[in-house]
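Input: a single structure, listed below in structure tokens.
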Amino acid sequence: MQSLKPERAHWRPWWLMKCFVIVLLLSLWWCTVKYSCRNRGVTFSCKTQMLYDTPNIMRPLRIDVLTMTPWFAPIVWNGTYNSDILNAQFHQKDVHVGLTVFAIRKYAVFVQTFIETAEKFFMVGQKVTYYIFTDRINDIPAFTLSDGRKLIVLEVPSYTRWQDVSMRRMEMIRDQSRQRFIREVDYLVCVDVDMRFSDEVGVEILSGIFGTLHPGFYSASREQFTYERRPQSTAYIPTDEGDFYYAGGFFGGTVEEVYRLTNFCHNAMMVDKEKQIEAIWHDESYLNKYFLYEKPTKILSPEYLWDNNFQTPGFLKRKRFVAVPKNHNAIRYRRELMGVSVASGKFHR
Ligand code: 4GW
Ligand code: MN
């Protein structure tokens, strides 16, 4: 037993030295990681390392579609962005997104599929509040939502004319932007309810003010766009103007910017109402007028608003938000036409 003592005395400084070297190496490694993150301008926490391919100046991410407007607004297509980087950036800013949807009269039937599919695909991992505007609060089912998500039902009147149901969305979004959205969320996403999410719709869509390319007009020429063409209307756009044809069923931006947009559209509609004129495609026509002079800061490709009545073009890699086929006779307002009852109004152009 005695013979062990001198051996242990010899062993202790050697062991201490090893520990010291390990601690030194660890702190050196940590300093390098911190330094390189700061140099890359990355603001997210460096606790989780993120590996991704470096962007290559000589290799555009898509060559088959336009990915940037002449006013430098990105057009969002599959393959043009990295959701890991974007999610980290938006998490860092603790962004809260509001999703507004209207379910008036029979359109309440669309809410279930809409919310269930949104839970799977819309802004997964972010803070989300669904705002359902409806005249039928009792018809809105209860939902079990993921963490960080909530649903608020806002009771609103229903209008006699279906055109007013569609158009008054602008007024109601404007009013709620001022009254509550500004306090509760950072961004608003305003969409049609007769839709289902079928693939990811995430923070890549968010920007100051964004619109979506209508799936029926991405390849049409300017003259073919169904803008309001009567000069008497405030929605009037001459045939030699216009960039894109934007869909009425998907727009958004910061609460302040959505307030400006909806305020413009509602006021323009009221001016026209005084003159007893109503733009050809209702709220969509006024939205297109707004975007002509107040250009969107980001544009969503038709991946974000698709209708399976259209043939799928080769460049469309994903269908993220798709129209639910509706039985027009059952779901829409009815009007009498020469003694025959028909489903009113809208159909594909
Ligand atoms: C014709 O009788 C109607 S009813 C046309 C629209 C109607 C309607 C629309 C409605 O009865 N209740 C309602 O909540 N809406 C909302 O307006 C709903 O959010 C819907 O998605 C949005 C636009 O109408 P839409 O989806 O029928 O328009 P399109 O055919 O252009 O997608
Ligand atoms: Mn719709």
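Determine the sum of side-chain charges near ILE115: Lys and Arg each +1, Asp and Glu each -1, restricted to other residues whose C-beta is under 12 angstrom from that of ILE115.
Details: positive: LYS120, ARG149, LYS150, ARG196; negative: GLU116, GLU119.
Overall, the nearby charge balance is +2.
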Dipole magnitude of the chain, debye to nearest 20 (Cβ charges: Lys/Arg +1, Asp/Glu -1, about Cα centre): 1060
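To the nearest 20 debye, what is the magnitude of the charge dipole of the stretch 198-344 about its Cα centre, counting +1 on the Cβ of each Lys and Arg and -1 on the Cβ of each Asp and Glu? Could the numbers behind the result be given before it?
Details: 17 positive and 19 negative charges, 80 e Å.
Here the size comes out at about 380 debye.
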DSSP bridge orientation in the chain - percent antiparallel, rounded to nearest 5: 35
Protection proxy ranking of 106-114, 225-233 - average other beta-carbon atoms within 10 Å, highest first: 106-114, 225-233
Reachable aspartates and glutamates, given that their alpha-carbon falls under 16 Å from the alpha-carbon of LYS93 and they are not under 8 places away in the same chain: ASP84, GLU184, ASP186, GLU204
Peptide ranges 163-174, 145-156 listed from the most packed, as the mean C-beta count within 10 angstrom indicates: 163-174, 145-156
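Grab the other residues whose beta carbon is less than 13 angstrom from that of PHE102, score K and R as +1, D and E as -1, and report the net. Could the numbers behind the result be given before it?
Numbers: positive: ARG105, LYS106, ARG136, ARG168, ARG169; negative: ASP135, GLU155, ASP164, GLU171, ASP192, ASP194, ASP283.
Spelling it out: positives minus negatives among the neighbours equals -2.
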Alpha-carbon gyration tensor eigenvalues x 5, square-rooted, for the chain, Å: 52, 24, 18
Charge dipole of the chain about the Cα centre (unit charges at C-beta), most positive-ward option of THR226, LEU145, PHE110: LEU145
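Please report, in debye to the nearest 20, how large the charge dipole of the stretch 149-231 is about its Cα centre when each Lys and Arg carries +1 at its beta carbon and each Asp and Glu carries -1 there.
Details: 13 positive and 13 negative charges, 63 e Å.
Its charge dipole is roughly 300 debye.
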Ordering of 252-263, 209-220 by packing [mean C-beta count within 10 Å, highest first]: 252-263, 209-220
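Structure shown: which of LYS127/LYS150; LYS150/LYS298; LYS127/LYS295 lie over 20 Å apart, alpha-carbon to alpha-carbon? Show your work: numbers first, answer last.
On the way: LYS127/LYS150 9 Å; LYS150/LYS298 26 Å; LYS127/LYS295 27 Å.
Table pairs above 20 Å Cα-Cα are LYS150/LYS298; LYS127/LYS295.
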Cα-Cα pairs of the stretch 194-325 separated by more than 22 Å (percent): 39
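Once the other residues with Cβ under 15 Å from the Cβ of THR129 are scored (Lys, Arg +1; Asp, Glu -1), what is the net sum?
0
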Pairwise centroid distance, computed over Cα atoms, of the stretch 247-291 with the stretch 181-231, Å: 13
Kyte-Doolittle at least 0.0, axis length at least 24 Å by Cα - qualifying DSSP helices, the chain: 4-39
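Values in this text are rule-based calculations from the coordinates and carry no lab data. Every value quoted in this text rests on a predicted model; they were computed, and no experiment measured them. Here the Cβ is made from the backbone with ideal geometry for all residues, glycine too, and neighbour counts use every protein chain on show.
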